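A.B. asks: Mind having a look at this structure? Questions to follow.
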Amino acid sequence: SQSRIVSKKDLIARVYTMPGQFGRYFRVGVRPDPRNPNASVISGICIDKNNKLQYATDILKENTATYLDEFRIIGDAIEILDAPVVNLKINFTVSVLSKFNKQNVVSNVIQRLKSFLRLTNMQIDKPINLSELENLIQNSEGVNSVVELEVGSLTGTKNTLTYLGENYSIVENVRDKMLYPPMGGIFEVRHPNNDIKGSAA
């Protein structure tokens, strides 16, 4: 009985510890199914050889369902879905203290944003704190003030770069300076060298 899945934490742990021959998820999230009180919905996403998000194959989903079936309590149901992906772009403008080189300051801010927004920091259903993002820029060496910070989303193909994400309204999903992903979704800055841009006023 100790091996049975009885909680959200148990379910996530089971997916992450699934034997390698079944396949591997990068991130998973679990939420109740609003249509069935005895059912759970798993949102999962994988990464490719370039460490970019990719959707799970049908085989992986089938293998996961088969594996979890051994541990679930009779009467419970589990649905496995792709986690919606939102590919982000960041544009900022700063004013720079007079004794600093503008180009160097902007370059440093971009590197700090890349680190803050790296994929390993992202989780299913994890929001992005926009105040924290703004403070990171403001507290970078040489920055006098943040003139502008714009967060947007990218889809399709832009300048030969492809994006996995879906259309998503950033403005409609900010509450109290927190940017929330779609239900069961995850954020990604897919091409950081292209998707994080800055300038000095």
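A.B. asks: Run the helix sum for the chain: -39,500 (n - 2.57) per DSSP H stretch of 4+ residues, divided by residue count, reported at 222 nm to the nearest 500 deg cm²/dmol.
C.D. replies: -7000 deg cm²/dmol
A.B. asks: Then there is this: Considering only Gly20, Gly165, Gly156, give the residue with the highest GNM mean-square fluctuation for the chain, with springs between Cα atoms whenever their separation is below 10 Å.
C.D. replies: Gly20
A.B. asks: Right, here's the next one. Of the candidates Asn101, Asn159, Asn144, which one comes out as most mobile in a Gaussian network treatment of the chain with C-alpha springs shorter than 10 Å?
C.D. replies: Checking each option, the largest mean-square fluctuation is seen for Asn159.
A.B. asks: Give the distance, in whole Å, between the Cα centre of the stretch 114-160 and the Cα centre of the stretch 46-81.
C.D. replies: 30 Å
A.B. asks: Taking the stretch 21-111, which GluC sites (Glu not before Pro) meet the DSSP loop condition and have no more than 10 other C-beta atoms within 10 Å? Write out the running numbers ahead of the final one.
C.D. replies: Working: sites: Glu62, Glu70, Glu79; in loops: Glu70.
Hits after loop and neighbour filter: Glu70.
A.B. asks: I'd like the orientation of helix 58-69 relative to the chain: the angle between its Cα long axis and the longest Cα principal axis, in ° from 0 to 90, rounded to 10.
C.D. replies: 50 degrees
A.B. asks: Below 23 Å, Cα to Cα, which lysines can Lys177 reach? Residues fewer than 8 away in the same chain don't count.
C.D. replies: Lys89, Lys114, Lys126, Lys197
A.B. asks: Where is the GNM fluctuation largest for the chain (alpha-carbon springs, 10 angstrom cutoff): Arg35, Arg14, Arg118?
C.D. replies: Arg35
A.B. asks: Right, another one. Which residues' amide hydrogens lie under 5 Å from the amide hydrogen of Ser40, considering only partners 5 or more residues apart or on another chain, with H built in the peptide plane?
C.D. replies: Distant-sequence amide H within range of Ser40: Asp33, Ala77, Ile78, Glu79.
A.B. asks: For the chain, what mean projected area does the convex hull of the alpha carbons give, in nm²?
C.D. replies: 13.4 nm²
A.B. asks: Looking only at the stretch 161-198, which residues have a backbone nitrogen under 16 Å from a spot 7 Å from the Cα of Phe100 in the C-beta direction?
C.D. replies: It comes to 198, nothing else.
A.B. asks: A further question on this structure: For Val96, enumerate residues with amide H under 5 Å from its amide H, sequence gap 5+ or separate chain, H modeled in the peptide plane.
C.D. replies: It is Asn144, Ala201, by chain and number.
A.B. asks: While we're on this one: What are the aspartates and glutamates whose alpha-carbon lies under 15 Å from the alpha-carbon of Lys9, with same-chain residues fewer than 8 places away excluded?
C.D. replies: Asp125
A.B. asks: Can you classify the stretch 143-201 as rounded, prolate or oblate using the Cα gyration tensor, where a ≥ b ≥ c are the square roots of its eigenvalues, rounded means a/c under 1.5, and otherwise it's prolate if a/b beats b/c and oblate if not?
C.D. replies: It is oblate, given that a/c is not under 1.5 and a/b is not larger than b/c.
A.B. asks: OK, next. Considering only the other residues whose Cβ falls under 13 Å of the Cβ of Glu188, what net charge follows from Lys and Arg at +1 and Asp and Glu at -1?
C.D. replies: +4
Just so you know, all these numbers are worked out from the coordinates, no wet-lab data involved. Bear in mind that the values here come from a model prediction, so they are computed numbers and not experimental data. We place every Cβ from the backbone using ideal geometry, glycine too, and count neighbours over all the protein chains shown.
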